[in-house]
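**Student:** Here you go, one structure.
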Amino acid sequence: MESINATAVFFSPTDTSRTGVCAIARALSDEFSELDLTCAPAQATFGEKEVVVFGAPVYGGRIPAVCRERMAGLKGNNTPCIVTVTYGNRDFDDALLELSDLVQEQGFVPVAAAALVGQHTYGTIQVGRPDENDQAQDAAFAAQAAEKLQAGTWQVPATPGNRPYKDGGKGGNFRPLTSDACVSCGLCVRGCPTQAIADDCRTIDDSKCIACFRCIRRCPVGAKNMDTPEYNAFAAMFSERLKDRKENQYFL
Ligand SMILES: Cc1cc2nc3c(=O)[nH]c(=O)nc-3n(C[C@H](O)[C@H](O)[C@H](O)COP(=O)(O)O)c2cc1C
Ligand code: SF4
Ligand code: SF4
């Protein structure tokens, strides 16, 4: 079998989308590259002999608007690709169709698609996913996609979703707090996907923040938090509502 030149391209504030696309890209080629659009856009052109694995999270049933913007500088030349969205066990609605449409507009040909389940940003929903079992499923899917690639049968798989897409893709309304435990290391400032945190490490620009909670997940001392009675009540209710495990869906 011809070796595959694979690149994982992702926007992934809390790393679940990244885990899925990398599991797929790794199964295509041990030496895959990563192009991380989480904190900045990139310009890149891909050829017909390469394979790109795209990954984006689902925000309100769509891919995040900021992710669309970050992808604008990517160009394919009839480049085969695999499109994936990762969602927090509620629904992916129109997000997979949207991503598939978007990459086609930019010169890529989706040969396979997947809606993957990841830990939800909010509450305690499917904590730890994608887990080992998910990643084994991703690898098996990648093997099937590789067969399709080698066979040269590049028809675009049908994916669920509707056009026009539903309203969505916006950030959430929660704005993280900073406790006195903060050591002003600046990690959250540097890692914020939308540069919403001021240099004081505390002030958050309401108009920029998308409530992705990357700053909370990555804070080394647990100072960034969303510990309010309103959020805690919402998180408890939401976690109960979405507690039943959903499975990944693969489209070839
Ligand atoms: C603003 C916002 C909206 C979200 N909307 C949805 C949704 O519509 N459906 C769903 O199942 N999960 C939703 N989620 C959960 C994420 O899709 C899920 O946690 C995903 O794994 C995050 O990806 P990442 O780790 O790559 O950032 C949302 C998360 C955020 C922050
Ligand atoms: S990552 Fe945590 S400790 Fe570091 S500046 Fe941000 S809130 Fe403070
Ligand atoms: S400030 Fe908002 S956008 Fe920035 S990392 Fe935190 S939650 Fe995400």
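**Student:** Which of the residues belonging to segment 38-52 are touching a residue at least 60 places away in the same chain (Cβ under 8 Å) and open to solvent by 20 Å² or more (accessible area, probe 1.4 Å)?
**Tutor:** Keep residues of segment 38-52 that are touching a residue at least 60 places away in the same chain (Cβ under 8 Å), which gives 38-39, 46, 51.
Answer for segment 38-52, where residues must be touching a residue at least 60 places away in the same chain (Cβ under 8 Å) and open to solvent by 20 Å² or more (accessible area, probe 1.4 Å): just Cys39.
**Student:** Going through segment 174-223 one residue at a time, which ones are without any contact (Cβ under 8 Å) to a residue 60 or more places away in the chain, more than 9 Å from ligand 2 (Cβ to nearest atom), among the hydrophobic types (A, V, I, L, M, F, W, C) and in a loop (DSSP other than H, G, I, E, B)?
**Tutor:** Within segment 174-223, Phe174, Ala196, Ala198, Cys209 qualify.
**Student:** Could you tell me whether segment 169-192 includes any residue that is within 21 Å of Pro41 (Cα to Cα), more than 9 Å from ligand 3 (Cβ to nearest atom) and under 19 Å from the mean Cα position of the chain (by Cα)?
**Tutor:** Taking every residue of segment 169-192 in turn, at least one turns out to be within 21 Å of Pro41 (Cα to Cα), more than 9 Å from ligand 3 (Cβ to nearest atom) and under 19 Å from the mean Cα position of the chain (by Cα).
**Student:** How many residues does segment 23-37 hold that are surrounded by 22 or more Cβ atoms within 10 Å (Cβ to Cβ) and in contact with a strand residue (DSSP E or B) (Cβ under 8 Å, 6 or more places away or on another chain)?
**Tutor:** Narrowing segment 23-37 to residues surrounded by 22 or more Cβ atoms within 10 Å (Cβ to Cβ): 23-25, 27-28, 37.
With the extra rule that they be in contact with a strand residue (DSSP E or B) (Cβ under 8 Å, 6 or more places away or on another chain), the set shrinks to 24-25, 28, 37.
Counting residues in segment 23-37 that are surrounded by 22 or more Cβ atoms within 10 Å (Cβ to Cβ) and in contact with a strand residue (DSSP E or B) (Cβ under 8 Å, 6 or more places away or on another chain) gives 4.
The values are calculated or read from the model by the stated rules, or taken from the named source; none is laboratory data. Source: prediction; values computed, not measured. Cβ sites come from the backbone with ideal geometry, for glycine too, and all protein chains shown count toward neighbours. Calculation scope for accessible area: heavy atoms of the full protein, side chains included, ligands and nucleic acids excluded. Shrake-Rupley method; radii C 1.70, N 1.55, O 1.52, S 1.80 Å.
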